Amino acid sequence: METNAPKRRDNKKSLRVKVISLGNAEVGKSCIIKRYCEKRFVPKYLATIGIDYGVTKVQVRDREIKVNIFDMAGHPFFYEVRNEFYKDSQGVLLVYDVGLRESFDALDSWLGEMKQEMGSQANMDSIVFIVCANKVDLTKRRVVDEGEGRLWAESRGFHYFETSAQSGEGINEMFQAFFSSITDMCENGGKRPVSEVSVGFTKEQADTIRRIRNSKDSWDMLGVKPGATREEVNKAYRKLAVLLHPDKCVAPGSEDAFKAVGFLFGINTHSDICWLTSLHK
Ligand code: GTP
Ligand code: MG
């Protein structure tokens, strides 16, 4: 029998979400967004003045998602403008340039600025973070390798993608994962699903491996002050040995970090290291 009843809509209600982009000036935030939304790349640098705003619609499974994108200026000069826009975000693109170490090292201070501006609202578990290691097309000038970037991201429960706004590499995959995770989070009552934050190693392990990789000297590697006593050095070594032991630590790079610390205590004959060990004989 024919009825005049309106057709039942099977689609779930559409979602409206807010995402922001963060990272130092010139790392490629605007170009990543432009590559995804407009399918083009602009080689000339046009600094974002304060904030650029745009809206796009995407389909995730059976849901339509309306995405409000706030593309922030990375230059410190615009702090007063962008600080208003951190609140109520469901997603954050954290971008660095793989050829500029300072842009990678700055990621912690971007998170710090965000936490500070969100104040009491700062519930980072209700936000999906994607780390974009951008400009991977410029292979010759690369200084931050994939292992280091991935370790930083995944130890914090963040996604990690290698991207190039110039060639388009990784851009669609990154945005698909981004919007799909935001949708999962919204359907999970606003909490980031637990599976995404469980990577099998701790932030302390990841941060320690990073410190050892970038250490300037043996003291730095051990995490003690220059001139630390033998007792302090031994204590630091024991702590690192437990933290990074290959049986206990599955973080990428842990084996190399464990070996590097082991070298300090006898195997290596490098002068700087001998100096440290002989100091305490
Ligand atoms: P602010 O708005 O100042 O915070 O900078 P931004 O992070 O938005 O940087 P933007 O997207 O404007 O890009 C800065 C420069 O890097 C421009 O000259 C881009 O053409 C260039 N660029 C961006 N992404 C890439 C990339 O993946 N590869 C290469 N080779 N260049 C890129
Ligand atoms: Mg920009």
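The values are calculated or read from the model by the stated rules, or taken from the named source; none is laboratory data. What you are looking at is a predicted structure, and each value in this text was computed from that prediction instead of being measured. So basically every Cβ, Gly included, is an ideal-geometry build from the backbone, and we count neighbours across all protein chains shown. Keep in mind that these areas ignore ligands, DNA and RNA; they rest on the heavy atoms of the full protein, side chains included. Shrake-Rupley method; radii C 1.70, N 1.55, O 1.52, S 1.80 Å.
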For segment 90-100, take each phi angle, set θ = phi - 60°, evaluate the Karplus expression 6.51 cos²θ - 1.76 cosθ + 1.60, and give the result in whole Hz per residue in order, putting x for glycine and proline.
-> 9, x, 10, 9, 9, 10, 9, 9, 5, x, 10
Angle between the chain longest axis and helix 171-187 axis [Cα atoms, degrees, rounded to 10] = 80 degrees
Relative contact order (%) - criterion: Cα under 8 Å, at least six apart; region: segment 30-172 = 23 percent
Mind jotting down the distance between the C-alpha centroids of segment 67-83 and segment 216-231, whole Å?
-> 39 Å
With a 20 Å threshold on alpha-carbon distance, the violating pairs from Lys13/Lys87; Lys39/Lys135; Lys87/Lys191; Lys13/Lys57 are Lys13/Lys87
Around Phe85, what is the net charge, scoring Lys/Arg as +1 and Asp/Glu as -1 over all other residues with Cβ under 15 Å from its Cβ?
-> -2
Taking Cα atoms, the helix 107-118 axis meets the longest principal axis of the chain at an angle in degrees (rounded to 10) of 50 degrees
Accessible surface, the chain, averaged per residue in Å² (probe 1.4 Å) = 55 Å²
Between Val128 and residues 5 or more places away or on another chain, the pairs with built amide H atoms under 5 Å apart involve Gly91, Val92
Give the carbon-plus-sulfur fraction of the accessible surface of segment 70-171 in %, rounded to a whole number; probe 1.4 Å, heavy atoms of protein chains only.
-> 51 percent
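If packing is taken as the average count of other Cβ atoms within 10 Å, what order do 61-68, 37-44 fall into, highest mean first?
Numbers: 61-68: 14.9, 37-44: 10.5.
Packing proxy ranking, top to bottom: 61-68, 37-44.
Where does the charge balance sit around Asp125 when Lys and Arg score +1, Asp and Glu -1, over other residues with C-beta under 10 Å from its C-beta? Walk me through the intermediate numbers first.
On the way: positive: Lys191, Arg192; negative: none.
Surrounding charge for Asp125 is +2.
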